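One structure is given here, and the rest of the page talks about it.
The values are calculated or read from the model by the stated rules, or taken from the named source; none is laboratory data. As the structure is a computational prediction, the values presented were derived from the model and not from experiment. Here Cβ is always computed from backbone atoms with ideal geometry, including for glycine, and neighbour counts include all displayed protein chains. The area values use the complete protein model at the heavy-atom level, side chains included, leaving out ligands, DNA and RNA. Shrake-Rupley method; radii C 1.70, N 1.55, O 1.52, S 1.80 Å.
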Amino acid sequence: GKPIVLGGFENTGSVTTGYRFTDVTGYAPKYQQLFDLNSGFRLLDFDLFGKAQAGENRFADSYSLTLSGLGGDPFASAQLTVRKSNLYDLRVNFRQSYYYWNQNDAAALPNGLDGLTNNHNWATVRKMGSIKLLVHATNNLRFSFEAYRNTRDGVTETTRSLDYFGSSSTWGSFARANPYLIVAPLSEATDRVTGGIDYTRSGWAFHYRIG
């Protein structure tokens, strides 16, 4: 369609939404592990782009915003870029992913007993975000700043044995045959910040990064 002029930009975009109906029979955690596509309203895709009209915006020449999978889908993402020619370039990124692992620990073997799986389960969400800014001080000198954050949260289930170093073979066999379940909450975060300088002169390029 025709661009919409707003704030000194010619703006264009599109949006796709939907509602998913899900009916799962059988072992539901296995469906979560394989697909994780649940019922509910979703923002499937969103795209918005803007280009500044000549002389209309002194802060930016162009921008773009893209979103996908928001509202509960397993792989959501977002990206924002803003640029000003010969001045700066800003990029913001975000990604999120859900990870499930849950076998049917109660599944019976041909002898009628369970024990087919290892009783290890995970239900975690990982989020990754970054901000990158490149500043053009002059035609030859540029400064860069970057920040990253990576987190993982959720819960894990695993098994432990009462076995210990130097235990007798009789006790060790008993302990390994009777493990106990541990439910452990998970909360991890990693941050990284870097800065850099780039300088070009007479066909030579110098780069330095510190983080």
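Observations, loosely collected:
- For Leu37, residues with placed amide H under 5 Å, excluding near neighbours: none
- Assuming charge only on the beta carbon of Lys and Arg (+1) and of Asp and Glu (-1), the dipole of region 110-211 about its Cα centre is about 520 debye to the nearest 20.
- Karplus-derived 3J(HN,Hα), 6.51/-1.76/1.60, for each residue of region 31-44, Hz, glycine and proline x: 5, 4, 5, 7, 10, 6, 9, 9, 5, x, 6, 9, 8, 6
- Positive-end ranking of Val155, Phe49, Leu70 along the dipole of the chain, with charges on Cβ about the Cα centre, is headed by Phe49.
- The overall shape of region 1-104, judged from the alpha-carbon gyration tensor, is oblate: a/c is not under 1.5, and a/b is no greater than b/c.
- Positive end of the dipole of the chain (Cβ unit charges, origin at the Cα centre): among Ala184, Ser167, Ser130, the Cα lying farthest that way belongs to Ser130.
- Under a 5 Å amide H cut-off, with hydrogens placed 1.01 Å from N, Leu87 pairs with His136 among residues at least 5 apart or on other chains.
- Portion, in percent, of the accessible area of the chain that falls on carbon or sulfur, probe 1.4 Å: 58
- For region 1-96, applying the loop criterion from DSSP together with a ceiling of 14 other beta carbons within 10 Å to the chymotrypsin sites (Phe, Trp or Tyr not before Pro) yields Phe21, Tyr27, Phe35, Phe59.
- Accessible surface, the chain, averaged per residue in Å² (probe 1.4 Å): 68
- Helix-only [θ]222 nm of the chain, DSSP H runs n ≥ 4, -39500 (n - 2.57) each, per residue, nearest 500: -2000 deg cm²/dmol
- Here region 1-159 is assigned +1 on the Cβ of each Lys and Arg and -1 on the Cβ of each Asp and Glu. Its dipole about the Cα centre then comes out at about 680 debye.
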